[in-house]
Amino acid sequence: MALTLAAIDELRLNVSLSSATSQFPGRWEELRDATLSVLLVLFHFSLLRLWRYWRYLAGGNASYEAVAASPKIAEDPGPPKEVQETSTREEIFCQKVLAAQQRGHFLGTVQIFRDFQEETVQFSQAPSLLLRSLRLADDASGLRDLYEATKDHLEYSRSMFFLVISSLCKLRDVDSAMEVLRDMILHDVAPDAACYAPLIRTQLRKGDLESGVQLLSQMQRQQIEPDSATFQAVLEVAAQRELPILVQELLQSMEHWKVVSSSTLATLVRFYGRSGDIGKAFQIFREMPRKFGFKVDSSAYISMLCVCAAEGEISDAFQIYEEMLAAGYETDTSCFKALLSGSLQHGDLDTAFRLLRDAFDRGQSAVPLASLELFLLQAQRRGRKMLAESILEDALKAGLFVSERMVNSLRCR
């Protein structure tokens, strides 16, 4: 019966096509092309549906009947509900943190990290936002809270540890900074010289030289090369406290790491000058630059000059002064004060006159007024009026203030 009906339908289709062809002979080709296009589209969709069905079964999912019964089986089911919720929470977290950072509200940022403390491990943007927050730290207590809230949930890099340590040191909480350094080592993140430097400097500012030396020794045991500035800071404090054994130990370490510089020379010159050993000061002033191959800077020249003047070695002081000018450095107030005071204390008016005239000829006005008036007074009392008047005119031209009493006493005689 089904076959008979199919034959009748086919016969009817042939009759219809024959009739259409006889009535519209020019449109047969168009009808054929349209039919082929429809068939190709249907075939394409059939293949696509079969491919999706095969991919679905390959994933071990339900039977074809269940697939066919589901109207959305070909659609992407999307991420799981838990992932969607995490993404939404991260978006909220980021918006809140960025808003607090834009307002410069560091403590507000800290509170947000604490509110999302357990979730930050799943937030991909949390490390970058934490790094930016650390740069904005302006409160030691808040920074400690932020570190405690994040250290067990986010992975800290060396740069992040450095930011915490340096920020705590700037905020003068060196004890907390030391704890962070210990955590850093426990987490197998190797500290470098940049991490130790702020700790050492802060300990020195506190007056704790012993802790600073211990940190410096710890660096060297770990084969971390201390920078010249850190060594220099420790050496300066040891020299000021006149600890010769420690000074020598530090100098040996600096020689080992090849960080001896002109600043080291200036510190040692002052150290030996305070102990009265001007011979040793002169020795290292001449030998160290040749031995370590550095150029003597103005600080070392001034230190040597002041030591010579303080010990009454005026001729040596002026020798250093001439070398300093020849090297292209300008003198400052401390130089003039040391040279003038030394010259006047020894009654050497000609040397003092030469110094003052040289200063005014070079267009310098950094002349201590007390020393200037002392020169004028001594020259007047010792009958060297011409020297006094010449220097007075230079001083007035340079715009220096000289008391009216002194001016009148020189001009009236």
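The values are calculated or read from the model by the stated rules, or taken from the named source; none is laboratory data. None of these values were measured; they are calculated from a predicted model. No Cβ is skipped: glycine too gets one built from the backbone with ideal geometry, and neighbour counts run over all protein chains shown. Quick note on the areas: whole protein, heavy atoms, side chains included, nothing else; ligands and nucleic acids left out. Shrake-Rupley method; radii C 1.70, N 1.55, O 1.52, S 1.80 Å.
Look at L372 and say whether it is open to solvent by 30 Å² or more (accessible area, probe 1.4 Å), touching a helix residue (DSSP H, G or I) at 6+ places or on another chain (Cβ under 8 Å) and not small (G, A, S).
Numbers: open to solvent by 30 Å² or more (accessible area, probe 1.4 Å): no; touching a helix residue (DSSP H, G or I) at 6+ places or on another chain (Cβ under 8 Å): yes; not small (G, A, S): yes.
No.
In the stretch 103-136, what residues are charged (D, E, K, R) and farther than 15 Å from Y156 by Cα?
Going residue by residue through the stretch 103-136, those that are charged (D, E, K, R) are 103, 114-115, 118-119, 132, 135.
Of everything in the stretch 103-136, those that are charged (D, E, K, R) and farther than 15 Å from Y156 by Cα turn out to be R103, R114, D115, E118, E119.
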**From the options L251, L268, L243, residue that is open to solvent by 50 Å² or more (accessible area, probe 1.4 Å), at negative phi and either hydrophobic (A, V, I, L, M, F, W, C) or under 24 Å from the mean Cα position of the chain (by Cα) (or both)** = L243
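Can you say whether I391 is buried (at least 19 other Cβ atoms within 10 Å of the Cβ), among the β-branched types (V, I, T) and closer than 17 Å to G273 by Cα, as far as the supplied structure shows? Write out each step before concluding.
On the way: buried (at least 19 other Cβ atoms within 10 Å of the Cβ): yes; among the β-branched types (V, I, T): yes; closer than 17 Å to G273 by Cα: no.
Taking the combined requirement at face value, the residue does not satisfy it.
For the condition within 18 Å of G142 (Cα to Cα), over 20 Å from the mean Cα position of the chain (by Cα) and of a type outside the set (F, W, Y), what is the one hit in D175, D208? Steps first, please.
Numbers: D208 fails: within 18 Å of G142 (Cα to Cα).
Unique residue meeting the criteria: D175.
Looking at L396, L400, which one is part of a helix (DSSP H, G or I) and free of Cβ contacts under 8 Å to residues at least 60 places away in the same chain?
On the way: L400 fails: part of a helix (DSSP H, G or I).
Just a single option satisfies the conditions, and that option is L396.
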**Request:** Restrict the check to the stretch 348-362 and report whether at least one residue is under 22 Å from A398 (Cβ atoms) and in a loop (DSSP other than H, G, I, E, B).
**Result:** yes
**Asked** Is the stretch 322-333 home to any residue that is surrounded by 23 or more Cβ atoms within 10 Å (Cβ to Cβ) and in a helix (DSSP H, G or I)?
**Response** no
**Message:** Would you confirm whether or not the stretch 281-296 contains a residue that is of a type in the set (S, T, N, Q) and part of a loop (DSSP other than H, G, I, E, B)?
**Reply:** no
**Request:** Go through the residues of the stretch 208-217 one by one and say whether even a single one is in a loop (DSSP other than H, G, I, E, B) and open to solvent by 30 Å² or more (accessible area, probe 1.4 Å).
**Result:** yes
**Complete:** For the stretch 152-191 the number of residues that are open to solvent by less than 50 Å² (accessible area, probe 1.4 Å) and either in contact with a Cys (Cβ under 6 Å, 6 or more places away or on another chain) or more than 27 Å from E118 (Cβ to Cβ) (or both) is 7
**Request:** Please name all residue pairs, on different chains or six or more residues apart, with Cβ atoms under 7 Å, provided the first residue is in the stretch 272-301 and is polar (S, T, N, Q) and open to solvent by less than 50 Å² (accessible area, probe 1.4 Å) and the second residue is outside any helix (DSSP H, G or I) and modelled with pLDDT under 95.
**Result:** S298/Y329
**Asked** Could we say that E404 is of a type in the set (D, E, K, R), surrounded by 12 or more Cβ atoms within 10 Å (Cβ to Cβ) and over 24 Å from E313 (Cβ atoms) here?
**Response** no
**Asked** Name the residues in the stretch 116-150 that are more than 24 Å from Q95 (Cβ to Cβ), open to solvent by 50 Å² or more (accessible area, probe 1.4 Å) and in contact (Cβ under 8 Å) with a residue 12 or more places away in the chain, would you?
**Response** R144
**Prompt:** When both residues are 6+ apart or on different chains and their Cβ atoms are under 8 Å apart, which pairs have a first residue that lies in the stretch 368-379 and is more than 10 Å from I391 (Cα to Cα), and a second that is part of a loop (DSSP other than H, G, I, E, B) and of a type in the set (F, W, Y)?
**Reply:** L369/F401
**Message:** Going residue by residue through the stretch 349-356, is there one that turns out to be surrounded by fewer than 18 Cβ atoms within 10 Å (Cβ to Cβ) and closer than 26 Å to R274 by Cα?
**Reply:** no
**Message:** For the list (1) over 23 Å from the mean Cα position of the chain (by Cα); (2) farther than 27 Å from I314 by Cα, I need the number of the one condition that L216 fails.
**Reply:** (1)
